[in-house]
Amino acid sequence: MAADREHTLQPFSGEEAEAHSLAARIPALLIESQRIAHTVAHGTHGRRRAGPGETFWQFRQYDQNDSAANIDWRRSAASDHLYVREREWEAAHTAWLWVDVSPSMRFRSTLANVSKESRAVVLSLALAELLARGGERVGVIGGQPFTGRAAARRVAEVLLVDTSEASLPPNARLSRFSECLLFSDFLESIPEMVVRFEEIAAQGVRGHLIEIVDPAEETLPYAGRTEFAASEGRDRMIAGRAETLREDYQERLKRHRTDLAAAVQRLGWSFLVHHTDRPPEEAVLSVYSRLAGVERDYRYRPVRSARLQTVADQTP
């Protein structure tokens, strides 16, 4: 794993000496997430769709594939067309959340106002708020799902007592036909991550990866003599001219992300990269739109091996 995380070395700062203070920041992050959810909610149509239920949703014109028993004759009598009465789908789904709170997520450069960890928590709680408003169940992987107006707050309470610093989601049983939202920098070994994602997908769960990246991790803006310290472990490196590392570093980061995206695509999952210097509303709207509009396909298609082939190997 060390070789795969070499490019995560960060300039040493006093932040690494601080204790993990997520619990103290949860109330403020919850308020911020509710503000974001309120903003995004005004620009979306939610997750409403036709299906089994008792609540009327809309009329639509009769189609040759519809049963004549579904025709609403009262509505049709007022028009030259036949209309079918559709009901709203009231079968709630479950969305499972996982937030990486390992040490690498606490990094924040001078190019961003928040750490990766804080942004991941805010995004997860904002999406929990939106999903709960839409009648869905939300929960943290390994726990129990919640419903109702207090769902996001209860998710925050679970995160508050989470002392795990694992860089991969836990190996937990998840309900079939549910969805999982994973928030991390995803800098672990690709084969190791793919094995865990396959275990989740094999349960009939659709996944969505939200990669949280500090802008400095993307550009490596450092120059001159720079000391880098590993966010996890005690490794340190002094570069006489940090700018000479930039090209190779960016190429390795690009290759890592390309391989991860390819693995996710084979599972039928979605993948989004979000930078901490960008507005959180962008990521929330993008993920929520995918959840609201995507046709669900939970069929797991196992790859030939847990070990990921590179994009080059897949090219004919």
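Structural remarks
- Lone unmet requirement of (1) of a type outside the set (F, W, Y); (2) closer than 20 Å to S115 by Cβ; (3) at pLDDT 90 or above for P170: (2)
- Listed here are the helices (runs of 4 or more DSSP H) enclosed by region 134-237 that have at least 3 residues being among the hydrophobic types (A, V, I, L, M, F, W, C), in contact (Cβ under 8 Å) with a residue 24 or more places away in the chain and in the same structural domain as L97 (by TED's automatic domain parsing): 151-160, 190-201.
- Matching entry among H7, H93, H45 (being within 30 Å of E188 (Cα to Cα), modelled with pLDDT under 50 and not charged (D, E, K, R)): H7
- Which numbered condition R60 misses (of (1) outside any strand (DSSP E or B); (2) over 26 Å from S286 (Cβ atoms); (3) touching a strand residue (DSSP E or B) at 6+ places or on another chain (Cβ under 8 Å)): (1)
- Residue match in region 265-277 (condition: at pLDDT below 90, charged (D, E, K, R) and in a loop (DSSP other than H, G, I, E, B)): no
The values are calculated or read from the model by the stated rules, or taken from the named source; none is laboratory data. Note that this is a predicted model, so its numbers are computed, not measured. Neighbour counts are summed over all protein chains in view; Cβ atoms, including those assigned to glycine, are modelled from backbone coordinates with ideal geometry.
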